[in-house]
1. Could you look through segment 154-171, keep only residues that are of a type in the set (D, E, K, R) and outside any strand (DSSP E or B), and pick out the one that is farthest from the chain's Cα centre (by Cα)?
2. All but one of (1) at pLDDT 85 or above; (2) surrounded by 10 or more Cβ atoms within 10 Å (Cβ to Cβ); (3) out of contact with any Asp or Glu (no Cβ under 6 Å at 6 or more places or on another chain) hold for Ile61; which doesn't?
3. Out of all the residues in segment 104-122, which are surrounded by fewer than 12 Cβ atoms within 10 Å (Cβ to Cβ) and within 21 Å of Glu146 (Cβ to Cβ)?
4. Could you tell me how many of the residues in segment 112-136 are in contact with an Asp or Glu (Cβ under 9 Å, 6 or more places away or on another chain) and more than 17 Å from Lys171 (Cβ to Cβ)?
5. Within segment 123-143, count every residue that is modelled with pLDDT of 80 or more, surrounded by 12 or more Cβ atoms within 10 Å (Cβ to Cβ) and not in a strand (DSSP E or B).
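The values are calculated or read from the model by the stated rules, or taken from the named source; none is laboratory data. This structure is a prediction, so every number in the text was calculated from the model and none was measured. Quick reminder, even Gly has a Cβ in these numbers, built from the backbone with ideal geometry, and neighbours come from all protein chains shown.
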Amino acid sequence: MDMNMDIKDVIAKLKSGKGGKKNARKKNAFNAFFEKNPKMKIILPLVFIFIAVVVAALIIISGIKTDSGLDETVTNPAQSVDVLPMIERSEGETVAEGVDPFSEDVIANAKIKGMVYNSDGYRTVIVETKLRSYVLQVGDYVPGSEWLVESITDSSVTFSLGEKKRTVEMK
C-alpha cells in the first residue's frame, strides 16, 4: 500500500475487494461446499434443529419418569418407616362415641395416635383432635388453645387448663 493514500481510498479498495489480499472467505472450504450444494443450506440447519428437538424431548420425557428403581415390597422391619400424623383432617372421618362433636374445646375429641421418645429421651405424644394432629411434649401448649400438656405416661396424656385437668387414655 502506498503511504500517501487517503483513508477514503483504503476503505474504498477494501469494500470493492481490490485490496492487496484476496478475499479469504471465497477460498474457505465450507463456503465452497455450499456453493457446490446449494440445497444443503436448507437441509443442514433443519437436521440440526431436528436433533435438538429430539434431544430436548428425550430429556423432558426422562425427567418426568418417577420410577427410581427401588423395590416397593420392602419386608425388612429395620427399614420400616413410621409416618407422622396428617396435619389436616380428611373428609369423612367421624368423632369418637360419647363425645360432643360441636364442642369448641380443642381436646374434646382428642385421641392418642402414638408415643415415641425423642432424641433427648423425652416422651413425645401424637394427639389427633377433631380437626388436626399435634406432636406434643410435656410443657407444650396445644396450638389454638390454652391446654397445657402436664404429663405423659406409657398409656395416657394429662392436659391442664388452670384447675381443670383432662386425661386422654391410649386405646
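1. Filtering first and then ranking leaves Glu163.
2. Going through (1) at pLDDT 85 or above; (2) surrounded by 10 or more Cβ atoms within 10 Å (Cβ to Cβ); (3) out of contact with any Asp or Glu (no Cβ under 6 Å at 6 or more places or on another chain) one by one, Ile61 breaks only (2).
3. Across segment 104-122, the qualifying residue is only Glu104.
4. Residues that pass the stated criteria total 5.
5. Going through segment 123-143 one residue at a time, the tally reaches 4.
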